[in-house]
């Protein structure tokens, strides 16, 4: 049995992944603002806001993987977006992921090769109308992913 942490695991792909891994017998800790509702299996829910809460002393020890599936999307024309919208999205998507990764790295299981999963969007590579904020943040996530994958290899993936 492995222990996985899913940030943003109360809905969508985060919730589906938590339930799939729990059904396979793994221990899951979900951090999210909204309560996890579903089959308990081995899923532990912790109320957590990546914008305001601190990871100090809340990240479980000996974790085998981290998934950061927190997200938002502001589909608006570029001309109507204020810089504050970009900053807020960057804080949620990028800085939230960085803080979670740094906290998780300290607590990775030393006996396994831990995994990290971050999410991007096809809009980064293809360019899509009204995707300026999400493309900006997810482009940064892609760069971060490549950088830490190179830095942490082969001890993490």
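Inside the range 1-30, can you point out the residues that are assigned to a strand (DSSP E or B) and touching a residue at least 60 places away in the same chain (Cβ under 8 Å)?
Applying the first criterion (assigned to a strand (DSSP E or B)) to the range 1-30 yields 3-7, 27-30.
Hits for the range 1-30 are 3, 4, 5, 6, 7.
For the range 31-52, give me each residue that is assigned to a loop (DSSP other than H, G, I, E, B), over 15 Å from the mean Cα position of the chain (by Cα) and surrounded by 14 or more Cβ atoms within 10 Å (Cβ to Cβ).
36, 38, 41, 42
Kindly check whether there is at least one residue in the range 48-57 that is touching a helix residue (DSSP H, G or I) at 6+ places or on another chain (Cβ under 9 Å) and at pLDDT below 95. Steps first, please.
Taking the range 48-57 and keeping what is touching a helix residue (DSSP H, G or I) at 6+ places or on another chain (Cβ under 9 Å), we get 50-51, 54-56.
Checking which are at pLDDT below 95 leaves us with 56.
The answer is yes, given that some residue of the range 48-57 is touching a helix residue (DSSP H, G or I) at 6+ places or on another chain (Cβ under 9 Å) and at pLDDT below 95.
Pairs only if they're at least six apart or on different chains, beta carbon under 8 angstrom, first in the range 45-63 and at positive phi and without any contact (Cβ under 8 Å) to a residue 60 or more places away in the chain, second surrounded by 13 or more Cβ atoms within 10 Å (Cβ to Cβ) and part of a loop (DSSP other than H, G, I, E, B); list them, first residue then second.
That search, which allows pairs on different chains as well, returns 62/107; 62/109.
Out of all the residues in the range 70-79, is one or more touching a helix residue (DSSP H, G or I) at 6+ places or on another chain (Cβ under 9 Å), touching a residue at least 24 places away in the same chain (Cβ under 8 Å) and within 20 Å of residue 4 (Cβ to Cβ)?
Checking the range 70-79: at least one residue is touching a helix residue (DSSP H, G or I) at 6+ places or on another chain (Cβ under 9 Å), touching a residue at least 24 places away in the same chain (Cβ under 8 Å) and within 20 Å of residue 4 (Cβ to Cβ).
Based on what the data block shows, is residue 120 within 19 Å of residue 17 (Cβ to Cβ) and assigned to a loop (DSSP other than H, G, I, E, B)?
Here the answer is yes, as residue 120 does meet what is asked.
Could you count how many residues in the range 123-148 are part of a helix (DSSP H, G or I) and either in contact (Cβ under 8 Å) with a residue 12 or more places away in the chain or under 20 Å from residue 56 (Cα atoms) (or both)?
Here the count works out to 16.
The values are calculated or read from the model by the stated rules, or taken from the named source; none is laboratory data. In this text, all values refer to a predicted model and were calculated from it rather than measured experimentally. Methodologically, a virtual Cβ is constructed for each residue, glycine included, from the backbone with ideal geometry; neighbour enumeration extends over all protein chains shown.
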